[in-house]
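Engineer: Got a structure for you, written out below as structure tokens; questions coming shortly.
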Amino acid sequence: MSGVHATGVVKRFGDRTILDGFSLDIAPGEFVALLGASGSGKTTFLRILAGLEDHDGGTVDAPGQRTVVFQEPRLVAAKRVRDNVLLGQRPTAQHRKAASAALAEVALAGQERAWPTTLSGGEAQRVALARALVRRPDLLLLDEPFAALDALTRIRMQALVADLVHEHRPAVLLVTHDVDEAILLADRVAVLQDGVVGVEVEVPFARPRRRGVAGFGDLRRRLLAELGVEETIGAA
Amino acid sequence: MSAGTLAPGTVASPSETPRTVRRRPPAVTGRLGDIALRTSVPVLLLGLWAWGSGSGRIEERIFPSPWSVATTFVDLVRTGVLWDNLSVSIGRVALGFVIGGSLGLLLGTLAGLVRLGDQLLDPTLQMLRTIPFLAVAPLLILWFGIDERPKIIIIATAALFPLYLNTHSAVRNVDRKVLEAGRVFGLRGLALVRQVVLPEAIPGILVGLRVSLSVSLLALIVAELTNAPKGLGFLMTSAQQYYQTDVLVVIIVIYAVWGLSVDLIVRGIERVLLPYKHLGRSA
């Protein structure tokens, strides 16, 4: 339970340097959102933490027990929902019980024997979330897990993640390009610019959070400006 | 390049079976009407055959009547001749298929999974598969004599390639993203193969199984036409020598039923291994 310490991380693809001395710490139980434009390397950093990608320089310390929720559910079509949740674990009675409990937590109680192909996009993503939580990870990696969901499902899913993270208290890295989402969920927001963390902001709002809370708009505008986006429509 | 230009049911990737096939609306609605319409042409053909034989327009020596085919069939069954030969043929296909099929499955999995295996095996197998296996039969007979061996080898060779090709591409085309998820959740090596790769590849492997079983039947027919002391092919050759067209027709029908059974068997396996296949959402 030592959290994440990444110092001076370098990652190159060919002659493009994606991460150029990138440093980020996540304390145990802390929720950090990493914002960045597409192609900025935020997913690359998450993949390095997940052990799916090597880095070309710097040091990365991450807890051993880490799990990922990807943008797509990535379920095995030939396995029932419970076996997907148990992927990589022995199907002991104890694990099965834990899987059922995890499914209940994501509001899929009783769906243990369903096939992934019969689920909606939101349901499948909830199975993926249960699969990530059932292992009681020290580090939960969320790679734009809401990006492919419709707007209504996304709001429900964000609330669900907030609740479950609050309960389980893993360290969390959420990679996203959605500024609102980052502010709503994270303790701290980091913006990835030119291969390094350009700006880091502690989110000052008490939980539970709502979009309309005083200061939300200002923080949102500030972060968008850091991302190079001016959000005024119809001014001309 | 809008998605709207693709008609529904159009599937680009050969590894995926189309889930929605758009059917034209039936000319006659209702279940009974549908069945009646679908069976009408075969029934008409049978009727024509019976009428032609009965009225003497079809010469019995050239093409036997339905009833003489039926009596011959009953005779062949009662005397045990049919089962004697059929069981030998089934045994040959079973042995040849088990050898060739499992080799195809094994090599296909290996070449699909491991880069070294792919480099070592695939070019050679792709090259060999262009040789029509029937063309090799005479050579095999010269090498291995006229006993059981060349027959089994012909059938095994025929069964190997469809399973190899389909397994190879099914294993290779397993969604890399799902594989990655398996790795994140601690699966490595054989466990990853068993828990993710093979389950995901089953639909493709079953396509190979179906083709492989059908081709085994073709190989059986060819293998048995030369110097078989027993088997359906032997029955055919001797019937041909004695001009027993009724026996020939009986055997042709048996081959047809055989082919049909293969389809039913694979469908049964599909139902057991892929129970989710028919449950999919249309989205």
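Coordinate-derived values only; no laboratory data. All of these numbers come straight from a predicted model, not from anything done at the bench. When we count neighbours, we look across all protein chains shown, and the Cβ atoms used for this are built from the backbone with ideal geometry, even at glycine.
Engineer: Find which of A:LEU119, A:LEU103, A:GLN89 sits farthest along the positive direction of the dipole of segment A:76-135, computed with +1 on the beta-carbon of Lys and Arg, -1 on that of Asp and Glu, about the Cα centre.
Structural biologist: Going by the charge dipole, the pick is A:GLN89.
Engineer: Let me ask another. Given the C-alpha centroids of segment A:47-83 and segment A:99-177, what is the distance between them in whole angstrom?
Structural biologist: 14 Å
Engineer: Near B:LEU140, within a Cβ-to-Cβ distance under 10 Å, what is the net charge of the other residues, with Lys and Arg +1 and Asp and Glu -1?
Structural biologist: Numbers: positive: B:ARG149, B:LYS151; negative: none.
Counting the neighbours of B:LEU140, the net charge comes to +2.
Engineer: Is the shape of chain B rounded, prolate or oblate, going by the alpha carbon gyration tensor and its root eigenvalues a ≥ b ≥ c, with a/c under 1.5 for rounded and a/b larger than b/c for prolate? The partial results should precede the final answer.
Structural biologist: On the way: a/c = 2.65, a/b = 1.37, b/c = 1.94.
Since a/c reaches 1.5 but b/c is at least a/b, the shape of chain B is classed as oblate.
Engineer: Dipole of segment B:158-277 (Lys/Arg Cβ +1, Asp/Glu Cβ -1, origin at the Cα centre): which of B:GLN240, B:VAL222, B:ILE252 lies farthest to the positive side?
Structural biologist: Toward the positive end, the furthest listed residue is B:VAL222.
Engineer: With both bridge residues required to lie in the protein assembly as shown, what share of the DSSP beta bridges run antiparallel, to the nearest 5%? All intermediate terms of the calculation are to be shown ahead of the outcome.
Structural biologist: Working: 18 of 36 bridges.
Taking every DSSP beta bridge with both residues in the protein assembly as shown, the antiparallel ones total about 50 percent.
Engineer: Using only alpha carbon pairs under 8 Å that are at least six residues apart, calculate the relative contact order of chain A and give it in whole percent. Before the final figure, lay out the partial values.
Structural biologist: Numbers: 434 pairs, mean separation 63.4, N = 236.
27 percent.
Engineer: Can you spot the lysines whose alpha carbon is less than 20 Å from B:LYS230's alpha carbon? Ignore those fewer than 8 places along the same chain.
Structural biologist: Leaving aside lysines fewer than 8 places away in the same chain, those within reach of B:LYS230 are B:LYS151.
Engineer: Mind running the shape call on segment A:65-115? Use the C-alpha gyration tensor, a ≥ b ≥ c as the square roots of the eigenvalues: rounded below 1.5 for a/c, prolate if a/b tops b/c, oblate otherwise. Let's see the in-between values first.
Structural biologist: Working: a/c = 1.30, a/b = 1.17, b/c = 1.12.
The shape class here is rounded.
Engineer: A further question follows. Dipole magnitude of segment B:179-266 about its Cα centre, charges +1 at Lys/Arg Cβ and -1 at Asp/Glu Cβ only, in debye to the nearest 20?
Structural biologist: 360 debye
Engineer: Only Cα pairs under 8 Å and at least 6 apart count here; give the relative contact order of chain B as a rounded whole percent. Before the final figure, lay out each step's value.
Structural biologist: Working: 280 pairs, mean separation 62.4, N = 283.
Relative contact order of chain B: 22 percent.
Engineer: State, as an integer percentage, the relative contact order of segment A:76-135 based on alpha-carbon contacts under 8 Å between residues 6 or more apart.
Structural biologist: On the way: 69 pairs, mean separation 27.3, N = 60.
For segment A:76-135, the relative contact order is 45 percent.
Engineer: From the cross-link list A:LYS97/B:LYS277; A:LYS97/B:LYS177; A:LYS79/B:LYS277; B:LYS177/B:LYS277, which pairs have alpha carbons spaced over 18 Å apart?
Structural biologist: Exceeds cut-off: A:LYS97/B:LYS277; A:LYS97/B:LYS177; B:LYS177/B:LYS277.
Engineer: Using a cut-off of 15 Å between beta-carbons, work out the net charge of the residues near B:ASP122 (Lys and Arg +1, Asp and Glu -1, B:ASP122 not included). List each step's numbers first, then the result.
Structural biologist: Working: positive: B:ARG115, B:ARG129, B:ARG172; negative: B:ASP118.
Net of charged neighbours comes to +2.
Engineer: Here's something else I'd like to know. Which of rounded, prolate or oblate describes segment B:22-96 when judged by the alpha-carbon gyration tensor and an a/c cut-off of 1.5? Please list the in-between numbers first.
Structural biologist: On the way: a/c = 3.12, a/b = 1.37, b/c = 2.27.
Oblate is the answer for segment B:22-96, as a/c is 1.5 or above yet b/c matches or exceeds a/b.
Engineer: How far, in degrees from 0 to 90, does helix B:81-113 lean away from the longest principal axis of the Cα atoms of chain B, to the nearest 10?
Structural biologist: Around 20 degrees separate the two axes.
Engineer: Let me ask another. Mind checking the dipole of segment B:74-273: about its Cα centre, +1 per Lys or Arg Cβ, -1 per Asp or Glu Cβ, Debye to the nearest 20? It would help to have the intermediate numbers written out before the result.
Structural biologist: On the way: 16 positive and 13 negative charges, 132 e Å.
The dipole of segment B:74-273 has a size of about 640 debye.
Engineer: What number, rounded to the nearest 500 deg cm²/dmol, is the helix-based mean residue ellipticity at 222 nm of chain B, given -39500 (n - 2.57) per DSSP H run of at least four residues and division by all its residues?
Structural biologist: Working: 11 runs with 202 residues, N = 283.
So the helix-based figure for chain B works out to -24000 deg cm²/dmol.
Engineer: Tell me, how many Å apart are the Cα centres for segment A:3-28 and for segment B:146-212?
Structural biologist: Computed from Cα coordinates, the inter-centre distance equals 39 Å.
Engineer: How much net charge surrounds A:VAL32 when only the other residues with a Cβ under 12 Å from the Cβ of A:VAL32 are counted, with Lys and Arg +1 and Asp and Glu -1?
Structural biologist: Numbers: positive: A:LYS42, A:ARG188; negative: A:ASP25, A:GLU30, A:ASP187, A:GLU200, A:GLU202.
Combined, the nearby Lys, Arg, Asp and Glu give -3.
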